[in-house]
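Asker: Sharing a structure with you now.
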Amino acid sequence: MYYYSSEMLGFAAGIITTLALLPQAVKIMATRQTRDISLVWAVSMNIGIVLWLLYGLEKNDLPMIAANSVSLLLLFVILLFKLRYR
C-alpha cells in the first residue's frame, strides 16, 4: 500500500494548478498581447485566489497558502498587463 499525506497531495495539486498559469503570464509579458484574455476572468480569478489565500491562512494550511500566494502573483501580473495593454 502506498502511503501519502494529505499535505503532499495539497502541494502536488498546488504546484500543478499554479504552474498552469505560468505559460500564459510569460506569453503575455513577452508579446504584450492580452486581447484574448477576458477582463472579467482576470478580475474574478484574482478575487477568488485572494479568498482562497485568506481561507488557507485561516486554516493554517501551508500547501494552500503557498500555491495561492504564487497563483495570486501570476494572476496579478496578468491582470496588470490586461489593464495596461487593452
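What follows draws every value from the coordinates through simple rules; no lab data is involved. The structure presented is a predicted model; accordingly, all values stated were derived computationally and were not measured. All Cβ positions, glycine included, derive from the backbone under ideal geometry; neighbour counts span all protein chains shown.
Asker: Please give the charge dipole size of the chain, origin at the Cα centre, charges +1 on K and R Cβ atoms and -1 on D and E Cβ atoms. Round to the nearest 20 debye.
Answerer: 580 debye
Asker: I would also like to ask the following. As a check on your grasp of the helix formula, calculate [θ] at 222 nm for the chain: sum -39500 (n - 2.57) over DSSP H runs of n ≥ 4, divide by the residue count, round to the nearest 500.
Answerer: -26500 deg cm²/dmol
Asker: Apply the Karplus parameterisation 6.51 cos²θ - 1.76 cosθ + 1.60, with θ equal to phi minus 60°, to every residue of region 56-68 and state each ³J(HN,Hα) to the nearest whole Hz, in sequence, with x for glycine and proline.
Answerer: Couplings: x, 5, 4, 8, 6, 9, 4, x, 5, 5, 5, 4, 6 Hz.
Asker: If you add up the charges near residue 76, with Lys and Arg at +1 and Asp and Glu at -1, over every other residue whose beta carbon is less than 14 angstrom from its beta carbon, what do you get?
Answerer: In short, +2.
Asker: So, counting K/R as plus one and D/E as minus one, what does the shell of residues with Cβ under 13 Å around residue 42 add up to?
Answerer: Residues near residue 42 contribute +3 overall.
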